[in-house]
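Below: the structure, in structure tokens.
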Amino acid sequence: MGEFELIRRHFQRSGVALPDQVALGIGDDCALLQPAPGHQLAVSCDMLVEGRHFFVGTNPASLGHKALAVNLSDLAAMGARPLGFTLALALPSANDAWLTAFAQGLFALADAHACPLVGGDTTRGPLNICITVLGELRPGQALRRGAAQPGDDLYVSGRTGEARLALELLLGTPWALEHAAPGTLPRLRERLERPVPRVALGRALAGLAHAALDVSDGLAGDLGHLLQASGVGAHIELPHLPVAPDLQALPPALQLDCLINGGDDYELLFTAAPADRTAIEAAAQASETPVHRIGQISAALGLRLLDAAGQPVALAPRGFDHFA
């Protein structure tokens, strides 16, 4: 199977109608997209490298899902509507069964968000997946990292920490193997390998929330980026952090480390005015996404973790860094 046959067989979908925003899809030197009048383009690019971002032998359907999900999560963090995406794929070989499963996972998520594949490239090499996603939103409604204000409520969607525990179990980390309940890994592996991009919530928050980002490298570490961009500080009230049932068996220190330092959650972390609490609750209900108010933005710089008595907890926040 040559390169062009690979593309035709697995990624050029005959009989699937393109949505209105795609004027020209796969097959030419460029795709042509048509954003709605008066809208801005939102563009994001993410790369997944075998052995770095995912294990050798990861289920290809899950990998197809996650490769697009992490990009859609970036659009969600800006409050954008997906328009389409491109795929650059390096493969050790043209494995037909692997490609069929990969494309199945990829297109299932793409179709769920009306985000068609509009172009890309393939080559031979170590397994590497790079997706660029494009979206649209109205000017002035983007949820930027630098817009948090002192006094804002701090929210997170869903739950954090589950993907971190799944990763440690897959790595065979002793503390995870010792404390995790039997049957934990199959449940949590879904959170690691098939994250849910919070696109509907992001769109509902556009023009309502002040600042946002997606949690990919750890809640505390990613929050640090938002605080730095906004020139503010924050405190997190630890009892308000949602704890998944599979994390409740962990000793408190390990549980907390998973909650605030674990990565691969792809939840939304955002700020909003206290006066808009009812509107935030309505946005959560409309998007069928749970959100939790976990703290507050302050003028004093730095991040503080507070226990149930309002006392500071000593735990060094750290985010994932590929080059650290």
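Computed from the coordinates by the stated procedures, all read-outs in this text should not be read as laboratory data. Keep in mind it's a predicted model, so treat the numbers as computed, not measured. Glycine gets a Cβ as well: all are built from the backbone with ideal geometry, and neighbour counts include every protein chain shown.
What angle, in degrees between 0 and 90 and rounded to the nearest 10, separates the Cα long axis of helix 252-261 from the longest principal axis of the Cα atoms of the chain?
That helix lies at roughly 50 degrees to the long axis.
Dividing the convex hull volume of the Cα atoms of the chain by its residue count, what figure in Å³ per residue is obtained?
Details: hull volume 46.4 nm³, N = 324.
Roughly 143 Å³ of hull volume per residue.
Based on the Cα coordinates of the stretch 145-306, what is the per residue volume of their convex hull in Å³? Intermediate results must be reported in sequence, preceding the final value.
Values: hull volume 16.4 nm³, N = 162.
Taking only Cα atoms, the stretch 145-306 has a hull volume of 101 Å³ per residue.
Could the peptides 39-49, 262-272 be put in order, highest first, of the mean number of other beta-carbon atoms found within 10 Å of their residues? Each step should come with its number before you reach the end.
Working: 39-49: 16.3, 262-272: 25.9.
Highest-to-lowest ranking by the protection proxy: 262-272, 39-49.
Please compute the modelled spin-label separation between Asn95 and Asp111, points set 7 Å along Cα→Cβ, answer in nm with one decimal.
About 2.4 nm separates the two model spin labels.
Cα centroid distance between the stretch 101-134 and the stretch 1-56, in Å?
When both Cα centres are located, 6 Å separates them.
Could you please rank Trp98, Trp175, placing first whichever residue has the fewest other Cβ atoms within 10 Å of its Cβ?
Working: Trp98 17, Trp175 14.
In order of increasing Cβ crowding within 10 Å: Trp175, Trp98.
Let me have the 222 nm mean residue ellipticity of the chain computed from DSSP H runs of 4+ only, each contributing -39500 (n - 2.57), with the sum over all residues rounded to the nearest 500. Before the final figure, lay out each step's value.
Working: 10 runs with 109 residues, N = 324.
Helices in the chain give a 222 nm mean residue ellipticity of -10000 deg cm²/dmol.
If we sort 76-88, 24-36 on the protection proxy, mean other Cβ atoms within 10 Å, highest first, what's the order? Mind showing how you got there, number by number?
Values: 76-88: 25.2, 24-36: 14.0.
Packing order, densest peptide first, comes out as 76-88, 24-36.
Be a star and scan the stretch 243-268 for residues whose amide nitrogen sits under 11 Å from the point 7 Å along the Cα-to-Cβ vector of Phe55.
It comes to no residues whatsoever.
Report the full-extension gain for the segment Leu170 to Gln12: residue separation times 0.36 nm, less the Cα-Cα distance, to one decimal in nm. Don't jump to the answer; show the numbers that get you there.
Working: separation 158, 0.36 × 158 = 56.88 nm, distance 3.46 nm.
Answer, rounded to one decimal: 53.4 nm.
Among residues other than Glu136 whose Cβ falls under 15 Å from its Cβ, what is the net charge (Lys/Arg +1, Asp/Glu -1)? Mind dumping the intermediate values first?
Numbers: positive: Arg81, Arg138, Arg203; negative: Asp20, Asp74.
Net of charged neighbours comes to +1.
Could you tell me which of Pro19, Cys258, Leu213 has its Cα farthest along the dipole of the chain towards the positive end, charges placed at Cβ (Lys, Arg +1; Asp, Glu -1), taken about the Cα centre?
It is Pro19, whose Cα lies furthest towards the positive end.
Give me, ordered by chain and number, the residues 5 or more places off Glu267 or on other chains with an amide H under 5 Å from its own placed amide H.
Val215
Give the long-range amide H neighbours of Thr122: residues separated by 5 or more places, or on another chain, with amide H under 5 Å away, using H modelled in the peptide plane at 1.01 Å from N.
Here Leu89 satisfy the definition.
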